[in-house]
1. Here is a check on your reading of the model: is Arg86 modelled with pLDDT under 95 and among the basic types (Lys, Arg)?
2. Somewhere in segment 81-92, is a residue under 16 Å from the mean Cα position of the chain (by Cα) and in contact (Cβ under 8 Å) with a residue 40 or more places away in the chain?
3. Please find, among Ala9, Ala60, Ala43, the residue that is loosely packed, with under 13 Cβ neighbours inside 10 Å and more than 10 Å from the ligand (Cβ to nearest atom).
4. So if I check each of Ala43, Ala9, Ala49, which one is under 15 Å from Leu111 (Cβ atoms) and of a type in the set (Gly, Ala, Ser)?
5. With the requirement that a residue be surrounded by fewer than 18 Cβ atoms within 10 Å (Cβ to Cβ) and either in a helix (DSSP H, G or I) or at positive phi (or both), what does segment 78-88 give you?
6. Conditions: (1) part of a loop (DSSP other than H, G, I, E, B); (2) near the ligand (Cβ under 9 Å from one of its atoms); (3) on the phi < 0 side of the Ramachandran plot. Val110 meets all but one. Number of the miss?
7. Regarding Thr69, is this residue within 13 Å of the ligand (Cβ to nearest atom), of a type in the set (S, T, N, Q) and more than 14 Å from the chain's Cα centre (by Cα)?
8. Has segment 54-70 got at least one residue that is assigned to a loop (DSSP other than H, G, I, E, B) and modelled with pLDDT under 95?
Amino acid sequence: MIKVPDFNALYGANPDPWAVSSSFYEQRKLDLVLGVLARPRYAHAWDPACGTGHGAERLADRAEQVLATDAAATAVEITRRTCAGRLNVTVEQRSLPSPVRAGETFDLMVLGEFLYYLVDVDRSATYDLLHAAAAPTAEVVAVHWAAPPPRRLVERSRGASRVGLSSHRPRLAPRGRAGGAELHHAHPAAGSR
Ligand SMILES: C[S@@+](CC[C@H](N)C(=O)[O-])C[C@H]1O[C@@H](n2cnc3c(N)ncnc32)[C@H](O)[C@@H]1O
């Protein structure tokens, strides 16, 4: 079981606790996320646990509009600063699995390093709302830190695999047109997050 930090306190003490803005490891991970996207452009991308906003900032180059949300108020403030020059990025405080707005749909959703923090019932409800918010052509990228075995197996079953995107019948592809990718990483220096 992953310990869930107090994210508000964490970002209050350090505005970039995982060094997303500076570490080669994190920058490369973002490069990989962008690298697996199947299309050059998207209409509406959602980064629902945006953290420091560096992922949303990069997505702004690939999408007409980007919605960056996070449960932590401090993360929302930091993301507003990170994305200040990006007029196509909207930043809001939202906690999953709170429902999306009526009519809100996304053709790209990037789930970065947070599914494993959710308790089972919230994770399941989050999958449902992601399905509901997915445009027919939606792509989803899920990024997960994988603990060393044996915990890795647990995290995979709780996080990535149940997103359903690595199966031949992805849950987010009711019409068989959506796509997705999952990135697992286990760099010892990355630690638990
Ligand atoms: C490890 S950080 C990852 C941030 C960013 N996606 C990245 O990959 O660098 C996890 C983030 O998930 C957010 N988070 C945790 N539970 C959440 C929830 N239920 N709804 C929305 N955001 C949540 C935290 O506030 C935190 O910013």
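The values are calculated or read from the model by the stated rules, or taken from the named source; none is laboratory data. Because the structure is a prediction, the values reported are computed rather than measured. Cβ: placed from backbone, ideal geometry, glycine included. Neighbour counts: every protein chain shown.
1. No: the conditions fail for Arg86.
2. yes
3. Testing whether each residue is loosely packed, with under 13 Cβ neighbours inside 10 Å and more than 10 Å from the ligand (Cβ to nearest atom) leaves just Ala9.
4. None of the others qualify; the one that does is Ala49.
5. Applying the first criterion (surrounded by fewer than 18 Cβ atoms within 10 Å (Cβ to Cβ)) to segment 78-88 yields 80-81, 84-85, 87-88.
Those that are surrounded by fewer than 18 Cβ atoms within 10 Å (Cβ to Cβ) and either in a helix (DSSP H, G or I) or at positive phi (or both): Arg80, Arg81.
6. For Val110, the failing item is (1).
7. Taking the combined requirement at face value, the residue does not satisfy it.
8. Scanning segment 54-70 turns up no residue that is assigned to a loop (DSSP other than H, G, I, E, B) and modelled with pLDDT under 95.
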